[in-house]
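Structure first, commentary second.
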Amino acid sequence: MKKSILIAGIAVTALLVISLPVMKNSEIDQAEAARGVIERILPDYADRFVLKTILKEGENDVFEITTRGRKIIIRGSSGVAICSGLNYYLKHFCNASYNWRCGNNLNIKGDLPLNFEKVRKVSPCPYRYIFNYCTFSYSMAFWDWEQWEKMIDWMALNGINMPLAPMGQELIWQRVYEKHGITADGLKDFFVGPAYNAFGRMGCIDGYGGPLPQSWIDSENVLQKKILKRERELGMTPVLQGFTGHVPASLIKRNPGLKHTTLKWLDFPETYLLDWEEPLFDEIGREFISELTVEYGTDHFYATDQFIEMNPANGDTAYLRAMSRTIFSSIDQADPRGKWVIQTWPFKELTYWNRERTKAYFDGVPDDRMIALELMGESWFYTGWYKHSGWYGKSWVWSVISNFGDNVSMFGGLPQIAENYSKALSDPEKGDLKGLGMMNEGLDYNPVVYELVSDLMWEDHVPDLNQWKIEYLNSRYGSAGKSITDAWNYIFSHYYTQSGLFEKNPITERPFMPDKDILPSEGSARGACLLLEASDEMKNVDAYQYDLVNLFRQVFGRYAGHILYEISETYREKDLKGFDQSVKRFKDLSLRLEKLMSTREEFLFGKWIADSRKHATSQAEEQLYEWNAKAIITTWGGNVLYGYAIKDWAGLYSGYYLPKWQKLFDLMRAEITGGKKLDYEKFVNEIKTWENNWISQREENVISRPSGNPVEIARELWSAYGVEMLGYLNAE
């Protein structure tokens, strides 16, 4: 009886909370929030902008840009729309762009342009989404408010109005499970470490990288509130967490009769999934959303993904339909306006999730109460909407994933994005396509890709890609002369015509002996040469400096593979002199690359480590956070994911990669000089032990600030190896 009263009380409380939903800031407040963005990124020009609010066009955001006297008037239907109007003005009339992570170009000289016709843009996308769960691990695990504020500014300028916001949920889970007799200590094996948060929240792993300190849980609660406040001030609708059924082992042990199944992700221990038929499932789901709403408010969107790279135990369609109906019921009872936001990644292939099973799972939820996120639109094979009838009546968002593991590499399928999105727009069977999104696993190192996607959010058709590229280069650098244009013709042709990682830097791999030559393409090398030729004109443009370092990192990293091949050949031929010379060249090139990357914060291992440490309130916490930071970007964990999120960063070369290579070189040289024959399998096992020891050691020489002139160092690098490289490639 008491339990029934308690449940009824929770339901009433939830309804009372939902009856006072978190509303967007008033239009005036959103305009002021947009002004804050301008004041942060263009403080010298902020008073030249007049910001006003206008009505949406139906459900779609709108912005207008006009002038009056010496003022630029930007009108928008939300704070995000106003900021999008500012971004359009900067890119199209000022040849400028804002990108706090991958190089800015805000070098506006003289007066602001005033001579242009009125602009009015209507977004065809009510939903403009950003963030994969993995982004919160691979890119943002250790961010503070300063970094988040810059990111939210960028989001607003690029039209984002639907960001995933799963942070701060661990505090809510503590409150929910406390009601069921599970203390904070009972959750220590449930919550994962900070770098692995995505995989704990998706139900893939429990406890890995933990235990998560209470100080972290409390501070993330504070940070989440700041993030949500700013996002809502600008008119965004954050997507909070929902309940999937993933529960701690301590709950199962405390209640041995609970009906549950287990899920297995890769080679990690099983996690527990509470069965939807268990009455406690509905109760916990309802309690969680109610507590979440009390703490953070709600915008009625709840991310709920049960089976990311895992399958349910029962594939019966009636069972799957009832399961999704129960999940939705827990949302609906806590929030009668709540919508289930679901990733479609599990349904991309028709193996387990065939049409019948997927339709049954989707049919358990009313059409107007679910939003499906298509993850990998740039790949036709991994796109699901045309396989599943436009997601069976549900509103859905076409997205790109582009980057896995936040790989530090240049790639991106611009033609595939344009072609596949155009197919979706024109297909009469596309269903209720309602938006565009960016589902990158990491924030990436290819700004050109997400510039294209964010521009598409304000277009009702796909623009001519060649014309778009010209406009991109003009806004990226301020102008695009012959050297820039010619360089990027090579860059576009080689790096941005195919999706997914296709070039690894051999330096960052676990040491091996290549039996084939590894080389950059001739086109990419020529692009690097031409980009460097523009340095006299562009040397003070931040975006140019970033692109120069990024391209040289890519091209010369590949050329290091050629020198590795020379090392392997001289080893096989027992040519000691040639071997020693090639080893010396490999280490010299690697250190020169490290010096070049050290000029940019984006490529600093020390920044990642320093960011992890600043959250610590004790030496033990610092050690835990640093272990998390080092492990996830190197060995990851388990036996399957080694190198999945490997980083091509300064600081890792001299401290992690080169020491491992030196161990292999020493063994190779010993054999050449008559010593013991190299046992490569034994070497790899010893290196694995060395890697694990390295992860547990404190980094003493942490360089977290960039230093040096990237243009001068790039010139030195080209003189040392560039001419030689280009000559070799020409001869090939």
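Each reported figure results from applying straightforward, stated rules to the coordinates on display, with no laboratory input. What you see is a predicted model, and the numbers here were worked out from it, not measured in a lab. Cβ atoms come from the backbone with ideal geometry, glycine included; neighbour counts cover every protein chain shown.
Think of the range 172-234 as having a plus end and a minus end, set by charges on the Cβ of Lys, Arg, Asp and Glu; of Cys204, Phe191, Trp216, Trp216 sits farthest toward the positive end of this dipole.
The loop-placed chymotrypsin sites (Phe, Trp or Tyr not before Pro) in the range 613-687, going by DSSP, that have at most 16 neighbouring Cβ atoms within 10 Å of their Cβ come out as Tyr642. Each label point was placed 7 Å from the Cα along the Cα-to-Cβ direction; for Asp536 and Lys516 their separation is 4.2 nm. Of the trypsin sites (Lys or Arg not before Pro) found in the range 572-666, those that fall in a DSSP loop while having at most 16 other beta-carbon atoms within 10 Å are Lys574, Lys614. Were the residues from Ala184 through Ile252 laid out at 0.36 nm apart, the gain over their Cα-Cα distance would be 22.9 nm. With all pairs of separate Cα atoms included, the chain yields a Kirkwood hydrodynamic radius of 27.3 Å. Shown here for the range 73-161: GluC sites (Glu not before Pro) in loop regions (DSSP other than H, G, I, E, B) with at most 14 other Cβ atoms within 10 Å, namely Glu117. Would you work out which of Phe362, Leu280, Val711 lies farthest towards the positive end of the dipole of the chain? Charges go on Cβ: Lys and Arg +1, Asp and Glu -1. Result: Leu280, furthest along the dipole toward the positive end.
Note on the range 27-122: along the principal axes its Cα atoms extend 37, 31, 20 Å, ordered by decreasing extent. Using helices alone, what [θ] at 222 nm do you get for the chain, with -39,500 (n - 2.57) per DSSP H run of 4 or more residues, divided over all residues and rounded to the nearest 500? Here the helix-only value at 222 nm equals -15000 deg cm²/dmol.
Modelled spin-label separation between Asp666 and Lys688, with each label point placed 7 Å from Cα along the Cα-to-Cβ direction: 2.1 nm.
Inter-part distance, the range 645-721 to the range 249-288, computed on C-alpha centroids, equals 44 Å. Relative contact order for the range 27-122: 27 percent, from Cα pairs under 8 Å spaced at least 6 residues apart, divided by residue count. Computed from the Cβ-Cβ distance with R0 of 41 Å, the FRET efficiency linking Asp367 to Trp145 stands at 0.60. Its relative contact order, with pairs defined as Cα atoms under 8 Å and 6+ residues apart, puts the chain at 13 percent. Each 5 Å bin, from zero up to the one with the longest distance, holds this percent of the alpha carbon pairs of the range 368-499: 2, 10, 20, 22, 19, 13, 8, 4, 2, 1, 0. Please give the FRET efficiency for Ile470 paired with Glu716, using the beta carbon to beta carbon distance and R0 = 41 Å, rounded to the nearest 0.05. Step by step, r from the Cβ atoms, then E = 0.85. As a calculated quantity, the FRET efficiency between Gln697 and Thr673 at R0 = 51 Å, using C-beta atoms, amounts to about 0.95. According to the square roots a ≥ b ≥ c of the eigenvalues of the Cα gyration tensor, what is the shape class of the range 583-732, taking rounded for a/c under 1.5, prolate for a/b larger than b/c otherwise, and oblate for the remainder? Cα axes put the range 583-732 in the oblate bin. Using every pair of distinct Cα positions in the range 124-172, the Kirkwood expression returns a hydrodynamic radius of 12.0 angstrom.
Each Lys and Arg Cβ is given +1 and each Asp and Glu Cβ -1; about its Cα centre, the chain then shows a dipole of about 500 debye.
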